[in-house]
Each structure stands twice: as C-alpha cells, then as structure tokens.
Amino acid sequence: MFKWTALTIGTLFGVAHIGILGHLINRPGIPVINPPVGDYTSYSVEAGRDGYKIDYSSNDPKVIEKKKTVDKENGFLGIGGRTTVITDEEYTMGGQEDNLGKSNAKREECIRAAGGGQSTGRIVGASMGAAAAPLLTNIPYVGWVAAGWIAMFGQDQGAEIGGELATSMIDCE
C-alpha cells in the first residue's frame, strides 16, 4: 500500500512540475522593468510582446525656480515706510548660478554687520537704561526690579535698533 501511495504522489508531483515548466516556457515575453526612481527623475515605459521602449530623464527638472518676497521697513526705525523686494532665482541641482560666491559673500557680510550692530546697540542701550535706572530705584519695594528691567529693556531695544541700522547701511534684505 505504501508503494502505491508513494508512486501516486510522485507521479502527481512530476506531472505538476512538467505543467509548470510548460507554462513558463510558453508565457508571453513582457519584461519586468525597474528604472531607478528618485525625487528628480521621470520616465515612461511602453512594453509589448515585441519589446519595450523607455524614455528616462534624470535630474528633471533641470532648472529649479525660487521666488523670494521680502517686506522691509525703510529708513531709521521704519520711519520711511515699507518696501517689498521680490527676487526670482533659477538654479540647478548643483547649486545656484554663477553668482553663488557673490551671494555667499554678501550673506556673510550681512550677518557680520547685523552681529556687530546688535553688539554695539546692546552696549548703547544698556548705558541708556542704566542712566535711567536711578530714577526708578526710589520707588518703594519694586524700585530695584524696575531699574533692572529698564536696563535690560534698553539692551534689547538697542540690539534690535543697532542690528537694523547696520544692515540697512549696507543694503541687506
């Protein structure tokens, strides 16, 4: 009995394998296509029995556009009104166009000017706040707190005004 069972199972297993091999040999020849895909790629595939055609483009879009709008105050402490500056930039994946070195130098110059202006403005503002502090120290109970607050307020306002003044003098955004 065991021989007949083993022979039947073996025959079924063999016939199934022959059937699968016949199916794989005679199946249609549509290829499996896996093009590389990324954030800046595009492709189209046309596949059929006679072959396939792939249109693949990497680094697409080749030119990236960036529009920047800056709304800033004019003059000292914004007394001269407001100006809106609109900048259109086009660059590739490698970086910005030819003026990359110039824009980095200008950006660095603006950062340095803002830092220097804030530092100087903070010193001037603290001096003015400290000059006003003796008027507040005579207030009972809270005079010392008010004197410290006015000195710190003078520092913060001086830093803001100094940074704004320094960047507006060298025409930063």
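Conditions: (1) surrounded by 10 or more Cβ atoms within 10 Å (Cβ to Cβ); (2) among the hydrophobic types (A, V, I, L, M, F, W, C); (3) within 46 Å of the chain's Cα centre (by Cα); (4) modelled with pLDDT under 80. Val32 meets all but one. Number of the miss?
For Val32, the failing item is (1).
Scan the range 129-168 residue by residue and report those that are farther than 30 Å from Lys106 by Cα, surrounded by fewer than 18 Cβ atoms within 10 Å (Cβ to Cβ) and not hydrophobic (A, V, I, L, M, F, W, C).
Within the range 129-168, Pro134, Thr137, Asn138, Pro140, Tyr141, Gly143, Gly148 qualify.
Filter the range 114-128 down to the residues that are more than 30 Å from Thr84 (Cα to Cα) and buried (at least 18 other Cβ atoms within 10 Å of the Cβ) and list them by number.
Result: Ala126, single match.
Restricting attention to the range 94-107, does a residue exist that is surrounded by fewer than 16 Cβ atoms within 10 Å (Cβ to Cβ) and either in a strand (DSSP E or B) or modelled with pLDDT of 85 or more (or both)?
Within the range 94-107 (the criterion being surrounded by fewer than 16 Cβ atoms within 10 Å (Cβ to Cβ) and either in a strand (DSSP E or B) or modelled with pLDDT of 85 or more (or both)), the answer is yes, since at least one residue qualifies.
The values are calculated or read from the model by the stated rules, or taken from the named source; none is laboratory data. Treat the numbers as computed from the prediction; the structure is a model and nothing was measured. Every residue, glycine as well, gets a Cβ built from its backbone with ideal geometry; the counts of neighbours run over all protein chains shown.
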